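In what follows, a structure is listed as structure tokens, so that the remarks can point back to it.
Readers should treat all values here as calculations from the given coordinates under stated rules, not as data from a laboratory. In this text the structure is predicted, and so the values were computed from the model without any measurement. Here the Cβ positions follow ideal geometry from the backbone for every residue, glycine too, while neighbour counts run over all protein chains shown.
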Amino acid sequence: MKKGIRLVGMSPNPRARLTGSIYLLYFLLAITAQFLNSHNHEQFGLAVNFIAYACYAVLTVLFYYLLKPVNRYLSLIAAFFSAIGCTIGAIGLFDAEASQINPLLFFAPYCILIGWLIVRSTFLPRILGVLMVLAGLGWLFFLSPLVKFLSTYIEVLGVLGEGLLMLWLIVMGVNVQQWNKQRSDN
């Protein structure tokens, strides 16, 4: 019998690198969808956007397991916010009524919670957590009327926070000894 990918028993560094790789795939798909939509290929853009949301849902599960040693409940709450954001975003692609709820309403708290978990972790650099908290706060500002004046700065902050976290996970992974210690402490 063939074995699939096991998240529960997976070592933290391969899990971190897988998380970073799925994050990269999500970024590439989201950028591709935006490009397709801006060049009048809405149907292709819609399909790619849907796949991007599916990748983000997988990313949510991976982050849950990666950050669970810090605080399992906070990690679960973060995953819940992201799952709702993914669901609303994916449904909003096909249903105009559902698209009236902006998924950032859920992704902003998700980024803030992920950032806080990273700050509280001993296995990832705290600066990445601070940047994720700032990215989440920026996404909240994106929902306000201030977006007219701050949109470029907010997008740069979001891409910087999420992009650096993604790259760190791919290149450096986590401090396995600290991850195991934090897991056994909780």
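Assorted remarks:
- The mean sequence separation of alpha-carbon pairs under 8 Å and at least six residues apart, normalised by the residue count of the chain, gives a relative contact order of 24 percent.
- Mean Kyte hydropathy of 1.0 or more with a Cα span along the axis of at least 15 Å, helices from DSSP in the chain: 42-67, 72-94, 104-120, 126-141, 147-171
- Positive-end residue, segment 12-185 charge dipole about Cα centroid, Cβ charges, pick of His41, Leu124, Phe107: Leu124
- One chain, two ends: Leu146 and Phe27. Fully extended at 0.36 nm per residue, the span grows by 40.3 nm beyond their Cα-Cα distance.
- About the centre of its Cα atoms, the chain shows a dipole size close to 940 debye [charges on the beta carbon of Lys, Arg (+1) and Asp, Glu (-1) only; nearest 20 debye].
- For the pair Arg72 and Ala47, label points projected 7 Å from Cα toward Cβ lie 4.2 nm apart.
- Converting the Cα gyration tensor eigenvalues of segment 12-185 into ellipsoid dimensions via √(5λ) gives semi-axes, longest first, of 28, 17, 15 Å.
- Taking the number of Cβ atoms within 10 Å of each Cβ as an exposure proxy, the fewest-first ranking of Ser75, Ser151 is Ser151, Ser75.
- Under 5 Å from the amide H of Asn71 lies no amide H of any residue 5 or more positions distant or on a separate chain, with H modelled from the backbone and absent for Pro and chain starts.
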